[in-house]
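Structure first, then comments.
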Amino acid sequence: MVEFGDEFEFEPDVSMETVRRFTPAAGMNFHRFTDHEKARADGLPGAIVPGIMSQGVLAAAIHRFAPGATLCKIDTVFRAPLLVDSCPVGRGVVTHVDEDAGTAEIDLTIVNEAGETRVLGTAVVALKQAR
């Protein structure tokens, strides 16, 4: 059961191997995602994780936290690039539960090793109700 104030933490796999598996499937096989040196040559700090992959990581974490839930909406803000091969930490906290509607709102963040927020967002999930 999901309750107000519940928290969860996860460690997203943003390894180059994982990103290289993801990008062709998403039609995003660009060197800014798959090659550190070429990304640096383009002025980036290294290869970056595609935003849509970050959203997928957040959605997967929600489903691990609340296995019976249906993700209705996810809104994300990309504050700064999340680097491939980094070791980010994701967190979620339930900020609202509407028992009548059977929904919950979850605030989400992904931070880098320095504790800097790279991705943040809010999700609305429909909870599996036993009645």
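The values are calculated or read from the model by the stated rules, or taken from the named source; none is laboratory data. Given the structure is predicted, the values throughout are model-derived calculations rather than measurements. Cβ: placed from backbone, ideal geometry, glycine included. Neighbour counts: every protein chain shown.
Within the range 46-74, track down each residue that is on the phi > 0 side of the Ramachandran plot and of a type in the set (V, I, T).
Step one: of the range 46-74, the residues on the phi > 0 side of the Ramachandran plot are 46.
Selection gives nothing.
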### Query
When the range 113-131 is examined, which residues are found to be under 21 Å from I52 (Cα atoms) and either in a strand (DSSP E or B) or touching a strand residue (DSSP E or B) at 6+ places or on another chain (Cβ under 7 Å) (or both)?
T117, R118, V119, L120, G121, T122, A123, V124, V125
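For the range 21-35, which residues satisfy the criterion of being of a type in the set (F, W, Y) and farther than 11 Å from G46 by Cβ?
First, the residues of the range 21-35 that are of a type in the set (F, W, Y): 22, 30, 33.
Residues satisfying the conditions are F22, F30.
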### Query
What number of residues within the range 33-74 satisfy the criterion of being touching a strand residue (DSSP E or B) at 6+ places or on another chain (Cβ under 8 Å) and in a loop (DSSP other than H, G, I, E, B)?
6
### Query
Could you count how many residues in the range 1-30 are surrounded by fewer than 16 Cβ atoms within 10 Å (Cβ to Cβ), within 21 Å of the chain's Cα centre (by Cα) and of a type outside the set (D, E, K, R)?
10
### Query
Within the set of pairs 6 or more residues apart or between chains, which connect a residue that is within 19 Å of G51 (Cβ to Cβ) inside the range 93-112 to a residue that is small (G, A, S) and at pLDDT 95 or above with Cβ atoms less than 6 Å apart?
I106/G92; I106/A123; L108/G92; L108/G121; I110/G90; N112/S86
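I'd like to check something: does the range 91-104 contain any residue that is part of a loop (DSSP other than H, G, I, E, B) and within 30 Å of H36 (Cα to Cα)? First the steps, then the outcome.
The first filter runs over the range 91-104 and keeps only residues part of a loop (DSSP other than H, G, I, E, B), leaving 99-102.
Now drop any that are not within 30 Å of H36 (Cα to Cα), which leaves none.
Checked the range 91-104: no residue is part of a loop (DSSP other than H, G, I, E, B) and within 30 Å of H36 (Cα to Cα).
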